[in-house]
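Everything on this sheet refers to the single structure shown next.
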Amino acid sequence: MIDLDTIVSLCKRRGFIFQSSEIYGGLGSAWDYGPLGVELKRNIKNLWWRDNVHLRDDMVGLDAAITMHPKVWEASGHVGHFADPFTGCGDCGRYYRADHTASAVVESKWYQAVKKALAGPSGQKDPEKAVCNWAQSDGKKLAPNLPWVKNPNEPAGPLLDLLAKSAPLHACPSCGGRLSDPRPANLMLHTLLGPVEQTALKVYLRPETAQGIFVNFVNVAQSTRKKLPFGIAQVGKAFRNEITPGNFTFRTREFEQMEIEYFCMPGTDEEWHQRWIDERFAWYPKYGIRKENLRQREHAKDELAHYAKRTVDIEYLFPMGWSELEGIANRTDYDLKQHAQFSGQRLTYFDEEKKVHIVPYVIEPSGGADRATLAFLVDAYTEEQVRGEKRVSLRFHPEIAPIKIAVLPLLRNRPDVVETAHRVCDDLRRTWMSVYDDTAAIGRLYRRQDEVGTPFCVTVDVQTVGDKEKGETDDQKVTVRERDSMEQIRVPIADLPSCMRECMDGRWAEAKRRHPAQPVKE
RNA sequence: GCGGGCGUAAUUCAGUGGUAGAAUGCCACCUUCCCAAGGUGGACGUCGCCGGUUCGAAUCCGGUCGCCCGCUCCA
């Protein structure tokens, strides 16, 4: 498995992804997509949109504002749940949910070790001494910041009392340090709407795009006359004060989501949930992600979000391990009911058959655009030995690849070759993202394109235009070279559009049958 | 935020007190009829930032910012 650093440096070197504000020392947790990165990510978002919206009769799109009425987040539960009181360790800086610290202490290594020491023979005889001994030996490793470890003179009595009563100990589960009083953590970013700070409205930057869909449910249903079941898709930025951003673009505080809220009849929700899980799981391999690098993970009951009846994650084997790419949750009727209650509006669907108003159930496939982009990059990365040299290539699916075709003149000192290559390139550009390059020998040009994942190169040579001095006629044919196999075929310029279409559709074998091979010189 | 590691050219890295090096890459020209070919020339770093010690700091010290690994959160 390739390490993330290799991907990071390739991304920078070739213009996929740069660190935000790099000239000022960088901003943690923010990344900028360069010329190739923006193409890559846009391709992924467009394919997602095409497959989930355009190719389906039961889906429509939406693009809601990032800032919304503050009440949205009260209704959604984010103000309550996203602001769970947290407590921080003053010594090691770790954060814990305040309601989890007591159990975390009991399960901690140092707590277990103290208990064990007390249960031993010397512990039975003189508990206080046993604790002191432990504190000055194992305790130094396990809980260096525990008061009794830091200071041998600290009376062990309070510690013993706490252990005896199994009372929660207000100490860091990890290092034994002093925990701060619980304080509300602000996992949502906010800003002030209005030019004068004193009178401005404090609004949140949405922590998920989903709520923009829920609050527009009735608008969309009425304006599109959609019947249940139907879904609303949205791609857009969301913001969260992650406690620990990191792993390149995997966890950032500003990120882009690709979300669907699929509204269905109560009672059919479980079936739709499973259908979306299958649908979304099959989507990634469709564009080249290797199946062995994908898996599903069912959320345990105690890790389900407050709104969820069932959640299944699609995980990808990133360089740092299996991590979430997309989550598919059954959000039940929770959100619509909440918004109905908080807004006082009726957010229901009228069932024509039964003549009743119902609150639809909602299935939410929620993917990360940045995470998907990273997964496609990692999965495409390939190193191999070619003639004793390392060849690095990104084996992107043609629909994913930022550049589809590179047009390269075999010789740069022949004006007619160069001119023809330019003309061929300009023609291809109208349909496919294409580039022209003549600044190096052909071998180097191929390697450059391999490294950014261009699936096909088109090469113009002297035969294409004919060598009039030698009395040779032009054949008006070019070489098409496939990235992964490095195989080459010779194709008439006139047939290039149809041949390239075939190639982009993954029918290289057919193109090969129809066109003669262009041998590679050894 | 704490512990550990780290920050020198676009990239990967060498350089532990005497005003910066290599390889690859990049640019120009020449050469070259298909896989990082060859030749000639070239650009490139106020050594993350700020301060201190010193006659002198990439090198030592302090602070700060950022990155990686661990602890937590999720898309």
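The values are calculated or read from the model by the stated rules, or taken from the named source; none is laboratory data. Just so it is clear, the structure is predicted and the values come from calculations on it, not from any experiment. Ideal geometry is used to build each Cβ from the backbone, glycine not excepted, and the neighbour counts take in all protein chains shown.
Every listed requirement among (1) surrounded by 15 or more Cβ atoms within 10 Å (Cβ to Cβ); (2) under 27 Å from A:Gly246 (Cα atoms) is met by A:Gln338 save one, (2). Of everything listed in (1) surrounded by 15 or more Cβ atoms within 10 Å (Cβ to Cβ); (2) more than 7 Å from RNA strand B (Cβ to nearest atom), the single unmet condition for A:Glu487 is (2). One residue stands out among those in the stretch A:1-22 that are more than 9 Å from RNA strand B (Cβ to nearest atom), β-branched (Val, Ile, Thr) and not in a loop (DSSP other than H, G, I, E, B): the one that is surrounded by the fewest Cβ atoms within 10 Å (Cβ to Cβ), which is A:Ile7.
Might you let me know whether the stretch A:45-64 holds any residue that is at pLDDT 90 or above, loosely packed, with under 15 Cβ neighbours inside 10 Å and more than 30 Å from A:Ile403 (Cα to Cα)? So far as the stretch A:45-64 goes, yes, one or more of its residues are at pLDDT 90 or above, loosely packed, with under 15 Cβ neighbours inside 10 Å and more than 30 Å from A:Ile403 (Cα to Cα). Considering only residues in the stretch A:276-301 that are of a type in the set (A, V, I, L, M) and over 24 Å from A:Phe248 (Cβ atoms), the one that is surrounded by the most Cβ atoms within 10 Å (Cβ to Cβ) turns out to be A:Ile277. Going by the conditions given, is A:Glu315 free of Cβ contacts under 8 Å to residues at least 24 places away in the same chain and over 17 Å from A:Phe376 (Cα atoms)? No. Summed over the stretch A:387-413, the residues that are assigned to a loop (DSSP other than H, G, I, E, B) and surrounded by 18 or more Cβ atoms within 10 Å (Cβ to Cβ) give a count of 10. Filtering the stretch A:301-321 to residues that are in a strand (DSSP E or B) and either farther than 17 Å from A:Pro266 by Cα or not charged (D, E, K, R) (or both) leaves A:Thr311, A:Val312, A:Asp313, A:Ile314, A:Glu315, A:Tyr316, A:Leu317, A:Phe318, A:Gly321.
When we screen A:Val465, A:Val435, A:Val480 for residues that are farther than 20 Å from A:Tyr287 by Cα, free of Cβ contacts under 8 Å to residues at least 60 places away in the same chain, in contact with a Cys (Cβ under 9 Å, 6 or more places away or on another chain) and buried (at least 20 other Cβ atoms within 10 Å of the Cβ), the only hit is A:Val480. For the stretch A:485-522, a tally of residues being of a type in the set (Gly, Ala, Ser), touching a residue at least 12 places away in the same chain (Cβ under 8 Å) and farther than 19 Å from A:Ile400 by Cα returns 3.
The test for being on the phi < 0 side of the Ramachandran plot, of a type outside the set (Ser, Thr, Tyr), in a strand (DSSP E or B) and surrounded by 14 or more Cβ atoms within 10 Å (Cβ to Cβ) holds for A:Val362.
The set of residues in the stretch A:302-323 being surrounded by 14 or more Cβ atoms within 10 Å (Cβ to Cβ) and either among the aromatic types (Phe, Trp, Tyr) or touching a Gly at 6+ places or on another chain (Cβ under 8 Å) (or both) consists of A:Tyr307, A:Thr311, A:Val312, A:Asp313, A:Ile314, A:Tyr316, A:Phe318, A:Trp322.
Quick check: anything in the stretch A:193-201 touching a residue at least 12 places away in the same chain (Cβ under 8 Å) and within 30 Å of A:Thr252 (Cβ to Cβ)? Yes; the residues of the stretch A:193-201 include at least one that is touching a residue at least 12 places away in the same chain (Cβ under 8 Å) and within 30 Å of A:Thr252 (Cβ to Cβ). Say whether the condition of being over 20 Å from the mean Cα position of the chain (by Cα) and either within 21 Å of A:Trp508 (Cβ to Cβ) or in contact (Cβ under 8 Å) with a residue 40 or more places away in the chain (or both) is met by at least one residue in the stretch A:362-370. Yes, because at least one residue in the stretch A:362-370 is over 20 Å from the mean Cα position of the chain (by Cα) and either within 21 Å of A:Trp508 (Cβ to Cβ) or in contact (Cβ under 8 Å) with a residue 40 or more places away in the chain (or both).
Would you confirm whether any residue within the stretch A:322-340 is assigned to a strand (DSSP E or B), of a type in the set (Phe, Trp, Tyr) and within 13 Å of RNA strand B (Cβ to nearest atom)? Checked against the condition, which is being assigned to a strand (DSSP E or B), of a type in the set (Phe, Trp, Tyr) and within 13 Å of RNA strand B (Cβ to nearest atom), the stretch A:322-340 yields at least one hit. Being more than 18 Å from A:Tyr361 (Cβ to Cβ) and among the small types (Gly, Ala, Ser) holds for only one residue in A:Gly327, A:Gly288, A:Gly267, and it is A:Gly288. Of the residues making up the stretch A:445-484, those that are under 14 Å from A:Met500 (Cα atoms) and either more than 6 Å from RNA strand B (Cβ to nearest atom) or modelled with pLDDT under 95 (or both) number 10.
Once the stretch A:27-66 is narrowed to residues that are farther than 30 Å from A:Arg13 by Cα and in a helix (DSSP H, G or I), the residue that is nearest to RNA strand B (Cβ to nearest atom) is A:Asn52. Among the residues making up the stretch A:415-444, those that are of a type in the set (A, V, I, L, M, F, W, C), more than 8 Å from RNA strand B (Cβ to nearest atom) and assigned to a helix (DSSP H, G or I) are A:Val417, A:Val418, A:Ala421, A:Val424, A:Cys425, A:Leu428. Within the stretch A:341-351, the set of residues being crowded, with 19+ Cβ neighbours inside 10 Å and either aliphatic (A, V, I, L, M) or assigned to a helix (DSSP H, G or I) (or both) comprises just one member, A:Leu347. Name the residues in the stretch A:236-270 that are near RNA strand B (Cβ under 8 Å from one of its atoms), part of a loop (DSSP other than H, G, I, E, B) and at positive phi, would you? Within the stretch A:236-270, A:Asn247, A:Phe248 qualify. Among the criteria (1) farther than 20 Å from A:Phe263 by Cα; (2) under 13 Å from the mean Cα position of the chain (by Cα); (3) surrounded by 17 or more Cβ atoms within 10 Å (Cβ to Cβ); (4) in contact (Cβ under 8 Å) with a residue 24 or more places away in the chain, the one A:Gly327 does not fulfil is (1).
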